[in-house]
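Throughout, read-outs are computed from the coordinates displayed, never taken from laboratory work. Just so it is clear, the structure is predicted and the values come from calculations on it, not from any experiment. Glycine also receives a Cβ, built like all others from the backbone with ideal geometry; neighbour counts cover every protein chain displayed.
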Amino acid sequence: MDEPGFETWRLRRAHLRAVDGAGAVALALLDVVVAGNMLKDRPGSTPALAASCATALVLAVIVAARRSGPGRALQSAVVVSVVAAAAGVVWDPFLALALTLYLVTVVRPAHRSARALGVCLAAATAAIWIGQIVHPRFGPLPAAGWTAAAWGSLAGSWVIGRQVRGRRCDAARLAAQRAHQIVVDERLRIARELHDVVTHGMGLIAVKAGVANHVAAVRPDEAREALRVIEATSRGALTEMRRLLDVLRRDTGHDGDLTPPGLAGLAELAGLASASGVRVELAVTGDHDLPEGLQLATYRIVQEALTNVVKHAAPTRCRATVRVTSDQVGIEVADDGPHHAPAPAPAPVDSGGHGLVGMRERVAMYGGRFTAGPRPEGGFAVAAVLPYGPVRPPGKDGL
């Protein structure tokens, strides 16, 4: 189609056709009334009046059917209007031509509609002056006044058509941008989910595989326990990855397809971390119902923080606290650092690590606060505050 918003226009075509029909009837009545007034004092005016009525009917049909083919309708209107004006049987300022030109301007590119405007202006001017030569004393308006009126109606319809087309194109571009942004946001969300699933699962698997490799010969029971953790972790990771890949294949998705267990699933995360050598003390306080998206963000932040503890500090002790109140969720995951050797300085939050970046993005979605860094007494801490609920309007409490 010539216009990005053309499909939207087609959905309203039935309503617009009804408007065109009403306008065509009004135009035909106007032309007949004007022709009757102009010809009433003219001797032998009956043939001319019949020609005027027939011309008015033809122009009305063209206007009513203009949406079926704007280009063909404009060509027909040019031919009929020019012949009728030159013959002295129509005296309106080329209104039928202006109405068809308007639609061409709306649905055609600017360079094509500008050429159409030039043709219409030239044809109307020629017809007016030819009619003045054929009927030099006929009609209340001199040729110059009629020409000005014709130019005003044609140029005005072109300008209005350009404005309407511009608004429709802007609306179509905005809708396309919104649709593209929705797809981008969904892809980014899925990318974050894939990162969380892979890093959490693979981190635990790598740790336990290393344990099993070192103790397989001397402590087979411990090695078997490590293999059981690897099996359970890999199965869970594969299940979540299948769901994510299914969403990608369908190119659509809902939060329910991607959402892991909410706050109730934090205990399982703590258990998996404990099986990897991190003694997790989990505390969840507050019984307020949280939105599903907020539960997902809380779960993923705790999951990523525990994964980092397992990868960089195990074996160690870790405290994970989630405090739920009526207006915010507070998250804190702090470890004591590795017990077997001095720990290297953990990477700061702005170092570019995907895990910390992902946590910070999730917090930013809720306009919250996020900090991560080494603790003065040793170890590393991640803290986040996710506000939710109604926002207090400005102007209260002296703000």
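From most to least packed by mean Cβ count within 10 Å, the peptides 366-374, 154-162, 171-179, 305-313 give 305-313, 154-162, 366-374, 171-179. When each of the peptides 163-169, 376-382, 297-303 is scored by how many other beta carbons lie within 10 Å of its residues on average, the order from highest to lowest is 297-303, 376-382, 163-169.
With both labels modelled 7 Å from their Cα along Cα-to-Cβ, the Ala267 to Leu188 distance reads 3.6 nm. Taken along the Cα-to-beta-carbon direction at a fixed 7 Å, the label points for Glu225 and Leu16 span 7.4 nm.
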